[in-house]
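Presented below is the structure to which this report refers.
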Amino acid sequence: MSEWKKPILLISAIGVSQIGNWIYLIALNITILDLTGSAAAVAGLYIIRPIAILLTNTWSGSVIDRVNKRKLMIFIDIVRGILVFTIPFIGELWIIYLLLLLINTFGTFFGPVSSVYITKLIPYQRRKRFNSIMSMTGSGAFLTGPATAGVLIIYFGTELCIIINAATFMICAFFIFLLPNVDENTNGARDPIGWKTIVNDWKVVEMFSIKAKYFLVVYILFQSAMLIGFALDSQEVTFIKQNLELSDRDYGFIVSLTGLGAISGGIFSAMATKKIPLKFYLGVGMLLTSLGYVMFYSSINFITATIAFVFLGFFMAFANTGFATYFQNNVPVEIMGRFGSITDMIQGIIQIGFTLILGFLAEWFSLQFICIVFSLVGTFMALVLLTIILKSPSSSYFNENSKVING
């Protein structure tokens, strides 16, 4: 059990932060609505993160790969905690937006840098189980965070919720402080990072992508299917309320059961890591997740919609675990920050495009028809992905027990 002491501490740190983020998100929506009375002002919250990604992800990877990962994560959480703490004391919308832009700008660093840190901290043979537990933790935060926020808002108001989120960032920073330093040499952090450095870093990522063609094909197919799913998520409320004619309470119940399905999937995937190969987590998990979207948008009532979403949540846990492990095992840790930051930016742009196209077509045609078409396209991509994985020219891409450099 001692070998899991450090991973559990890291999971606890990120888990606490995720619960706080959900509490904060619910409270922030209500705060902005109370302050302005404008639905457009609330909608503005959801474009701040994509803006932050576009502002930082061209160069953030260059910083991540050159600095101490543990110290950077601690710094990010402390700064975010301080900035979040000030929000309840601000009465001007534009200042709140500015603070949120700063918070999200620092936040864009955390995902890629934590991925690098996890890769360095967790040995190959334990990564799949670790990622399964991380997926389960994220699902648990999704389930408990909004519920906790609801109770806190009723009895204490939104200000306390936001302050609690600030506290969770500090707790996360403290837990990470207790973890070991995984960087042996970060002397490069003293070198200035200019335009020439950033361009050269992009070239390094390009060279890796050209060399690791098989890895990139699998990566693109998986992300394409997943991004279609994210675009479909934007229409789930409209579909449930307009097509299925269900209530807000029904929607909340479906979402809660989806969270339970995802937690169950995370538990089962963690238990099955030694019995089910990585390629099945990645390929079969994504195919069944995509089929879950087809099932959901083919639903005719509350029961079929609920079954579809629980099915989707269960197998998405496998897909996310498989992808995270595949990524960690095949991207050289020396360039992981740069690769992750650049691809996150590209994926963000594509996701916005998919979402806008889906929304536009839904205005012209039947929402259910368009969503089924999109989900079938995602399923086709997932099927191609599974076929390519099963016909892999080399098992080294899905090796789980030792470090393999793929070319």
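Taken together, the residues in segment 347-370 that are surrounded by fewer than 16 Cβ atoms within 10 Å (Cβ to Cβ), part of a helix (DSSP H, G or I) and over 19 Å from the mean Cα position of the chain (by Cα) amount to 7. Filtering segment 146-175 to residues that are in contact with a Ser or Thr (Cβ under 6 Å, 6 or more places away or on another chain) and of a type in the set (V, I, T) leaves T158, T168. Among all residue pairs at least 6 apart or on different chains, which show Cβ distances below 6 Å where the first residue, located in segment 104-117, is over 12 Å from A324 (Cα atoms) and the second is surrounded by fewer than 22 Cβ atoms within 10 Å (Cβ to Cβ) and of a type in the set (D, E, K, R)? Listed by first residue and then by second, the contacts come to N104/R49. Only one of the numbered conditions (1) outside the structural domain of V284 (by TED's automatic domain parsing); (2) surrounded by fewer than 18 Cβ atoms within 10 Å (Cβ to Cβ) is violated by V373, and that is (1).
Kindly indicate whether V310 is in contact with a Gly (Cβ under 6 Å, 6 or more places away or on another chain) and not in a loop (DSSP other than H, G, I, E, B). When the stated conditions are applied, V310 passes them.
When segment 220-240 is examined, which residues are found to be under 15 Å from the mean Cα position of the chain (by Cα) and aromatic (F, W, Y)? Walk me through how you get there before you give the answer.
Going residue by residue through segment 220-240, those that are under 15 Å from the mean Cα position of the chain (by Cα) are 222-231, 233.
The answer is F222, F230.
Is segment 10-22 home to any residue that is at pLDDT below 85 and more than 30 Å from W202 (Cβ to Cβ)? Taking every residue of segment 10-22 in turn, at least one turns out to be at pLDDT below 85 and more than 30 Å from W202 (Cβ to Cβ). Annotation: S17 fulfils all but one of (1) surrounded by 15 or more Cβ atoms within 10 Å (Cβ to Cβ); (2) out of contact with any Asp or Glu (no Cβ under 9 Å at 6 or more places or on another chain); (3) within 27 Å of M345 (Cβ to Cβ); the unmet one is (2).
The values are calculated or read from the model by the stated rules, or taken from the named source; none is laboratory data. Just so it is clear, the model here is predicted, and its values are computed rather than measured. Note: ideal-geometry Cβ built from the backbone for every residue, glycine included; neighbour counts use all protein chains shown.
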